[in-house]
Amino acid sequence: MTGEEWVSLIVNITAVGVILYMGLVGLTYLVLFLIAGPRIKKERFLNQQDYVEEMVFNKDTFPVSVLVPAYNEEVGVSTTVRSMLSLSYPQFEIIVIDDGSKDNTSGKVIEQFKMKEINLALRRYFDTKQVTKAYQSTLYPNLFLLRKDNGGKADALNAGINFSRYPYFAAVDGDCILDSDALLKIMKPIIDSNGLVTATGGTVRIANGSTITKSQVEKIALPKGPIELMQIIEYFRAFLIGRLGLSRMNILLIISGAFGVFEKNRVVKVGGYNAKTVGEDMELIVRMHRSIKEEKSKQRIEYIQDPVCWTEAPDSAAVLRSQRKRWQRGLAETLWLHKKMLFNPKYKGIGLFSMPYYLLVELLSAVFELIGYFVILFGLIFSFVLVDVAIVMFLMTVLYGSLLSSLAVLLEEWTYHKYPDTKSLLVLFFWALTESFWYRPLMVWWRCSGLIQTFTKKADWGNMKRKGISSDS
């Protein structure tokens with residue numbers, strides 16, 4: 001065989017390998033969808049109003065500490081706090097942790113909620129950067145503010161846990177708002193199981209474009225920018241298909257850092273949040289699973305699809321690129337830290353399915369897709385790849401990306417009807433079908449860049465300039 005024939009053979013073998021890989025990934029998502037299906041169907045016919053009213057008057061609820069870590073969040077922190085104060089829940093406290101902000105985050109909270117300085121009393125579950133001052137609202141006795149030296153989000157959450165009084169805590173990002181019944185719904189599995197469920201995560205939705213008044217979503221609408229629209233679709237796919245399917249098998253490795261509830265004793269037992277990793281939210285969940293399996297405990301970690309947390313999404317390519325690189329680094333670091341669990345039968349479904357899934361699908365899929373793009377592009381230009389093979393690769397790319405996203409949009413409408421007008425659904429379907437032609441290649445490139453930077457960047461909060469998602473912030 002000539003040199004060109006060898007190159008052509010290698011390129012075509014690579015192309016077939018990529019096709020088989022993408023087909024396997026697509027099949028994996030289909031399996032997760034089938035597993036999630038019964039829960040989605042049940043949710044569709046559930047009377048949500050009766051469900052919430054029953055919980056409001058339930059005297060067996062556990063008190064919850066709501067932790068709000070904030071770094072340079074002066075634009076939206078007041079909106080977030082008002083959202084927390086309006087939660088329908090029998091007993092809770094709110095602790096805002098200002099992690100050495102360089103803007104007026106603390107000043108906003110102190111002024112808006114009439115805070116007064118109090119004696120600082122901290123338990124020492126974890127070592128953190130120094131907490132310098134503590135405040136309590138004169139208007140809302142269950143609202144507190146901590147000011148501390150900068151140590152990152154994980155360090156801020158650990159400081160909040162040290163200060164908290166209650167047996168469960170909710171971690172909520174400083175730029176988010178919650179539906180008023182979100183805490184009730186996310187706590188229901190914990191209450192119903194009498195503590196057998198040790199952590200729960202809720203759904204995160206994009207607030208860009210919606211009308212938010214008095215820290216509550218008044219009207220749900222779509223943003224105008226294509227980058228923001230694609231993130232809405234992406235979130236549908238991640239939460240409705242991926243996380244719900246994994247949760248039903250008790251092998252979910254991610255609870256979004258934007259909104260999750262945890263049993264404090266379990267978190268203290270495993271050592272709290274790891275301040276040395278970018279993906280502190282996922283790393284904590286993996287460590288909790290590891291602890292549960294090693295103890296042979298029957299405790300579970302669940303994702304609840306209905307409790308909704310609204311967040312401000314990046315509206316520019318530059319900010320989105322930074323976010324996705326950070327997420328990819330966090331995923332890679334977590335898998336590396338817990339590589340002992342990978343393919344290890346001791347950890348059952350976590351080691352044999354979930355860890356391999358996050359490695360081969362969530363982490364490395366970008367690498368395989370990037371190889372696929374190069375094979376199609378350069379293979380056709382230099383006639384190294386068969387046209388039939390290139391066409392199959394192209395169709396697999398469309399099926400893997402665009403059609404899967406379209407399915408997620410359909411599931412959203414079928415279950416929750418959050419976007420009531422037909423025009424919004426048609427817009428989402430249109431952009432979902434375009435994903436493979438522009439958005440997905442961008443994600444692939446940024447995720448590969450994040451993978452390369454895994455061992456060259458230290459953990460940080462990231463740098464997203466907030467515009468605010470409320471008219472009253």
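The values are calculated or read from the model by the stated rules, or taken from the named source; none is laboratory data. Note that this is a predicted model, so its numbers are computed, not measured. Every residue, glycine among them, receives a Cβ derived from its backbone with ideal geometry; neighbour counts consider all protein chains shown. Accessible surface is based on the protein model in full, side chains and every heavy atom, while ligands, DNA and RNA are left aside. Shrake-Rupley method; radii C 1.70, N 1.55, O 1.52, S 1.80 Å.
A few comments on the model shown:
- From the alpha carbon centroid of the range 234-259 to that of the range 311-365 is 12 Å.
- Of (i) 116, 60, 34; (ii) 64, 54, 52; (iii) 81, 49, 43, the label for Cα extents along the principal axes in Å derived from the coordinates: (iii)
- Placed amide H near L67: partners under 5 Å, 5+ positions off or other chain: I95, A170, A171, V172
- For the range 348-353, the Karplus equation 6.51 cos²θ - 1.76 cosθ + 1.60, evaluated at θ = phi - 60°, returns couplings of 6, x, 5, x, 8, 10 Hz by residue, with Gly and Pro reported as x.
- Packing order of peptides 159-171, 331-343, highest average first: 159-171, 331-343 (average count of other Cβ atoms within 10 Å over each peptide's residues).
- Couplings 3J(HN,Hα) for the range 229-241, derived from phi with the Karplus relation 6.51 cos²θ - 1.76 cosθ + 1.60 (θ = phi - 60°), are 4, 5, 5, 4, 5, 4, 5, 3, 5, 5, 7, 6, 9 Hz, where x marks Gly and Pro.
- Dipole of the chain [Lys/Arg +1, Asp/Glu -1 at C-beta], most positive-end residue of V398, Y166, I206: Y166
- Stretchable slack from T138 to A121, in nm (0.36 nm times residue separation minus alpha-carbon distance): 4.3 nm
- 3J(HN,Hα) along the range 94-101: 10, 10, 8, 10, 7, 8, x, 4 Hz, from the Karplus curve 6.51 cos²θ - 1.76 cosθ + 1.60 with θ = phi - 60°, whole Hz, x for Gly and Pro.
- Using a cut-off of 30 Å between Cα atoms, the listed pairs K276/K340; K276/K346; K264/K348; K269/K340; K133/K418 include K133/K418 as exceeding that distance.
- Residue-span extension gain [E294 to K423] - 0.36 nm each, minus C-alpha spacing: 41.4 nm
- Between the range 23-37 and the range 69-99, the alpha-carbon center distance in angstrom: 37
- Judged by the ratio a/c of the largest to the smallest principal axis of the C-alpha gyration tensor, the range 301-444 counts as oblate, that ratio being 1.5 or greater while a/b is no larger than b/c.
- Measuring nothing but protein heavy atoms, the accessible surface of the chain at 1.4 Å probe radius is 59 percent carbon and sulfur.
- Counting only protein heavy atoms and using a 1.4 Å probe, the accessible area of V387 comes to about 90 Å².
- Angle between the chain longest axis and helix 3-44 axis [Cα atoms, degrees, rounded to 10]: 40
- Backbone amide hydrogens, once placed in the peptide plane, bring L143 within less than 5 Å of I94, S137, excluding anything fewer than 5 places away on its chain.
- The chain, accessible area per residue, ligands and nucleic acids excluded (1.4 Å, Å²): 43
- Fully extending the segment from T456 to V31 would add 149.4 nm, taking 0.36 nm per residue of separation and subtracting the current Cα-Cα distance.
- Under 5 Å, built H, 5+ apart or other chain: amide partners of I212: E218, S471
- Pairwise label distance in nanometres, S449 with F353, each label 7 Å out on the Cα-Cβ vector: 3.6
- Gyration tensor (alpha-carbon) shape descriptor, the range 316-377, a/c threshold 1.5: oblate
- In degrees, nearest ten, helix 387-398 long axis to first principal axis of the chain (Cα): 10
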